[in-house]
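Before any comments, here is the structure.
The values are calculated or read from the model by the stated rules, or taken from the named source; none is laboratory data. Every value quoted in this text rests on a predicted model; they were computed, and no experiment measured them. Reconstructed Cβ throughout: ideal geometry from the backbone, glycine too, with neighbour counts over all protein chains shown.
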Amino acid sequence: MFDVTDTPIMELEAYWGVGPKTRTRLEETLGVKAAVSAIETGDVRALVNAGVDQSRATRILRHAQSAEGMKLLATRDTRAVYKEMLDAVAEHAVSDVAADRIRTLTPLTDREDMQQRLDAVDAGRTGWQRMSEKTRESVLFVFDAYDDAEGGRLAAVEAALELSEIDVSEAVFDPVTELDTETLADAAVALRALSETSVASGADSELDQLRDAYEAIDRISANPGDVLETLRSQGITDTSGFRTGLLEYVQTETTVGTERIRSAMAEDAIDATEFITETLRSLRSNLGEAIDERASTVRAALEDDLEDADTEIERAQTAVALVARDLSLGRFAIEHDLHRPAYVDRETLAVVDARNLLIDAKDDVQPITYAVGEHAIAPPGDEQVTVLTGANSGGKTTLLETLCAIEILAHMGLPVPAAEAEMSVLDRLVFHRRHASFNAGVLESTLQSVVPPLVSGNRTLMLVDEFEAITEPGRAADLLGGLVRLTIEEGSLGVFVTHLAGDLEPLPDNARVDGIFAKGLTDDLELNVDYQPRFGEIGRSTPEFIVSRLVANASDRSEEAGFRMLADAVDTEIVQRTLSDAEWSGLDRT
């Protein structure tokens, strides 16, 4: 990220996603310098207000923030989880503008940057927790007003000034408290005054007085006959009397000074009506010229003030964005009880009591402890690859999603949903969900999506779900075995979900098979699964439990008899025991 004030302006089309049409739109609405500044500072609202579609603007800014960081997201499924995480964070944003900016956060590539982001989140978390409810309401009110003003320089300055007046001493507000509020107050006056085609009222008392006088004279000039009647009702009949009477009348009705009134009086009028009409017309014209002259002088002075305050205004924009972002991230961390991950040099991903953020928090969620690579959690190990097996609906895919989300959050410098987490910094994250399409095209596209990132990054984590769904089981086992060996050969880490573990043996020495086991059926005939994988054990499929449920739910005796024949094929004893454990009252219907 470079400082646009000190660096030659880039061609807009040098930015990812900016083509000729977008470039022209930005040049015409913002100008090149302002457009570059908006891209470099991550100002989504500026691009959207310039006519760029919001989703496109967000993508442009993500790549501008960290093109290298975006390379971590090596597959479509990885990018889908990334977007889901951003949406989850944005739900806790203190403002719509903050939510827009949060959606431009990208994975980072430097461990120090990740730690600094985590420090900022900690400051946001602590700041929000320590604020009283009343103070929180005040802060949110400021950001609501910032949203209503649709961001911009004036909105940022006003928000910075209002935040600086809130009685808080938390570190998250340091970017605001360090600002020169006196300079910003003057800048706010100038920005308000120059936000219209003419200098707005309130910027200069002399200009406001001239405008008030002009409006009064304009009103009087519309009815010169009323003025004449008023003067005559006072018994004024001669020329000298009309001059004095009109002077006093205008002084009473307006704020125009004596000398300005005298200088505008008509000298060659042929009667009283013409004298009043011409004097008022001349006075109106004189005031109009004075207003234009004063407005020009005030505008020049205000523009000089803004130029002097330009650096402080930019600091205010940055400060407001930082405070909003960090408070939002802190609220997200509080809501989901997130914890700092530890970045380590050894090749590993190890999590203790990990949770999936996309599962409804009201559900009874079982936290999971899992690891691949060199780790010390029970049991300790150093396997590069794990093969995860087990029951259908046993949470294997959910575990992969959880690991993917934790990696993405940690690489963005955000806390993670785990009591503890250790990980190495990756170059590529390959997540591939099960796509149940059994044809050569799917096989080819799958291999094209997972193999190139595996061989292009120094550190890659493979999270691959049911590879066998893309081709016949025998050949799928061969391909999966080859992918396991390629992962190990590349020095990468991998977690592969499969039902073909038995067909992969013998696995390499630095690979491990883990299993998830079903324990039976609940009283409601739901599958009762222990979602915690058992290290070093092959998980067992659960057709007997499924058949048990089908027997229990059979709609008639002939349907039940058919399912009982299937029970004979899998294991009649287990089916009978399962039904008994589930306290199914219809066992004796046979």
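Would you mind listing the helices (runs of 4 or more DSSP H) fully within segment 43-126 where at least 1 residues are in contact (Cβ under 8 Å) with a residue 60 or more places away in the chain and under 18 Å from Gly330 (Cβ atoms)?
Numbers: elements: 44-49, 54-70, 76-90, 96-102.
Hits in segment 43-126: 76-90, 96-102.
State which residue is nearest to Glu158 (Cα to Cα) when the search covers only segment 286-310 and only residues that are without any contact (Cβ under 8 Å) to a residue 12 or more places away in the chain and not charged (D, E, K, R).
That would be Ala301.
Residues that are closer than 20 Å to Ala38 by Cα, surrounded by 15 or more Cβ atoms within 10 Å (Cβ to Cβ) and free of Cβ contacts under 8 Å to residues at least 40 places away in the same chain: does segment 168-181 have at least one?
Within segment 168-181, none of the residues are closer than 20 Å to Ala38 by Cα, surrounded by 15 or more Cβ atoms within 10 Å (Cβ to Cβ) and free of Cβ contacts under 8 Å to residues at least 40 places away in the same chain.
Would you please name the residue that is nearest to the chain's Cα centre (by Cα), looking only at residues in segment 251-280 that are among the aliphatic types (A, V, I, L, M) and surrounded by 20 or more Cβ atoms within 10 Å (Cβ to Cβ)?
Taking the candidates together, the pick is Val256.
I'm told Ile313 meets every condition in (1) of a type in the set (Val, Ile, Thr); (2) farther than 26 Å from Val142 by Cα; (3) at pLDDT 90 or above except one. Can you identify the failing condition by its number?
Among (1) of a type in the set (Val, Ile, Thr); (2) farther than 26 Å from Val142 by Cα; (3) at pLDDT 90 or above, Ile313 violates only (2).
Go through segment 317-359 and give me each residue that's acidic (Asp, Glu), surrounded by fewer than 23 Cβ atoms within 10 Å (Cβ to Cβ) and over 29 Å from Ala511 (Cβ atoms).
Those that are acidic (Asp, Glu), surrounded by fewer than 23 Cβ atoms within 10 Å (Cβ to Cβ) and over 29 Å from Ala511 (Cβ atoms): Glu335, Asp337.
I'd like to check something: does segment 468-483 contain any residue that is crowded, with 22+ Cβ neighbours inside 10 Å and either in a strand (DSSP E or B) or in contact (Cβ under 8 Å) with a residue 60 or more places away in the chain (or both)?
No: segment 468-483 contains no residue that is crowded, with 22+ Cβ neighbours inside 10 Å and either in a strand (DSSP E or B) or in contact (Cβ under 8 Å) with a residue 60 or more places away in the chain (or both).
Among strands (runs of 3 or more DSSP E) lying entirely in segment 337-393, which contain 3 or more residues that are at pLDDT 90 or above, closer than 26 Å to Ala90 by Cβ and assigned by TED's automatic domain parsing to the domain that holds Ala405?
Where strands (runs of 3 or more DSSP E) fall fully within segment 337-393 and carry at least 3 residues being at pLDDT 90 or above, closer than 26 Å to Ala90 by Cβ and assigned by TED's automatic domain parsing to the domain that holds Ala405, they are 348-354.
I'm trying to understand the selection: among the residues of segment 193-209, which are closer than 17 Å to Val256 by Cβ and either out of contact with any helix residue (DSSP H, G or I) (no Cβ under 7 Å at 6 or more places or on another chain) or assigned to a loop (DSSP other than H, G, I, E, B) (or both)?
Passing the criteria: Ser205, Asp208, Gln209.
Which one of Asp218, Asp212 is surrounded by fewer than 19 Cβ atoms within 10 Å (Cβ to Cβ), assigned to a helix (DSSP H, G or I), without any contact (Cβ under 8 Å) to a residue 60 or more places away in the chain and over 32 Å from the mean Cα position of the chain (by Cα)?
Asp212
Go through the residues of segment 328-340 one by one and say whether even a single one is more than 30 Å from Phe141 (Cβ to Cβ), in contact (Cβ under 8 Å) with a residue 12 or more places away in the chain and touching an Asp or Glu at 6+ places or on another chain (Cβ under 8 Å).
For segment 328-340, residues more than 30 Å from Phe141 (Cβ to Cβ), in contact (Cβ under 8 Å) with a residue 12 or more places away in the chain and touching an Asp or Glu at 6+ places or on another chain (Cβ under 8 Å): present.
Within segment 360-393, restricting attention to residues that are in contact with a helix residue (DSSP H, G or I) (Cβ under 8 Å, 6 or more places away or on another chain), of a type in the set (Val, Ile, Thr) and over 17 Å from Arg433 (Cα atoms), which residue is surrounded by the fewest Cβ atoms within 10 Å (Cβ to Cβ)?
Once the filter is applied, the top-ranked residue is Ile368.
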